[in-house]
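Following: one structure in structure tokens, then a few remarks.
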Amino acid sequence: MSDTSNHQAAQRVECPAAKDPAVRLFIVAAMLVGFGVWCALDRKPVSYWTNGDINKKANYLLNNWGPVLFLPGGLVALVGAISSLRRRLVADEEGIGYAGGKRTRWSDLRRMDAALLEAKGILDLYDADGRRLRLDSWKLTNFKALVAFVEDHLPQDVERKVPPRG
């Protein structure tokens, strides 16, 4: 975080969701749905307790319970990926928050924690109720402009925790 800002004064900063977290969830969803379909199509009549054979027991469990567990898990991951792509953080003159969700007014912020900003790209903002709004560069695009906007709009009485320089 710098003491001087050399950016143009913006009236609003929008940060759409980054693609990386959603791509990972899409991969997990594809794997789970694929395993579920494979288990459903690979069903063969197998006696569960025949001769204590571990392979037959595993075959029974995967073919009968795999679709029940893998398919819903894949659908949950798919919904999570789609919803994460639709999130958009908006910071304007009034406050900051996700579009369609609860917004925090600048005057309601009490603490800013930038201890992880340099190392991990994470900036935490806390409001009067102690709720945290985590701004993560891995999950948001346009992050540098957002951090500069937040620095410009935080009230002077906000407690700031910045990493030690050295």
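The values are calculated or read from the model by the stated rules, or taken from the named source; none is laboratory data. Because the structure is predicted, anything quoted here is derived from the model rather than measured. Here the Cβ positions follow ideal geometry from the backbone for every residue, glycine too, while neighbour counts run over all protein chains shown.
Values for this structure:
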read-out: Boolean, Arg110 is loosely packed, with under 14 Cβ neighbours inside 10 Å, part of a strand (DSSP E or B) and not hydrophobic (A, V, I, L, M, F, W, C); value: no
read-out: Matching residues, the range 1-25, being under 27 Å from the mean Cα position of the chain (by Cα) and modelled with pLDDT under 60; value: Met1, Ser2
read-out: Any hit, the range 92-101, residues being surrounded by fewer than 13 Cβ atoms within 10 Å (Cβ to Cβ), under 26 Å from Val28 (Cα atoms) and at pLDDT 90 or above; value: no
read-out: Every residue from the range 129-141 that is over 18 Å from Arg110 (Cα atoms), part of a loop (DSSP other than H, G, I, E, B) and out of contact with any Asp or Glu (no Cβ under 7 Å at 6 or more places or on another chain); value: Ser137, Lys139, Thr141
read-out: Cβ pairs under 7 Å, 6+ apart, first in the range 52-66 and closer than 12 Å to Leu41 by Cα, second part of a helix (DSSP H, G or I); value: Leu62/Cys39; Asn63/Cys39; Gly66/Phe35; Gly66/Gly36; Gly66/Cys39
read-out: Asp157 vs. criteria closer than 20 Å to Leu89 by Cα and without any contact (Cβ under 8 Å) to a residue 40 or more places away in the chain; value: no
read-out: Filter result for Val147 (touching a residue at least 60 places away in the same chain (Cβ under 8 Å), in a helix (DSSP H, G or I), surrounded by 15 or more Cβ atoms within 10 Å (Cβ to Cβ) and of a type outside the set (Lys, Arg)); value: yes
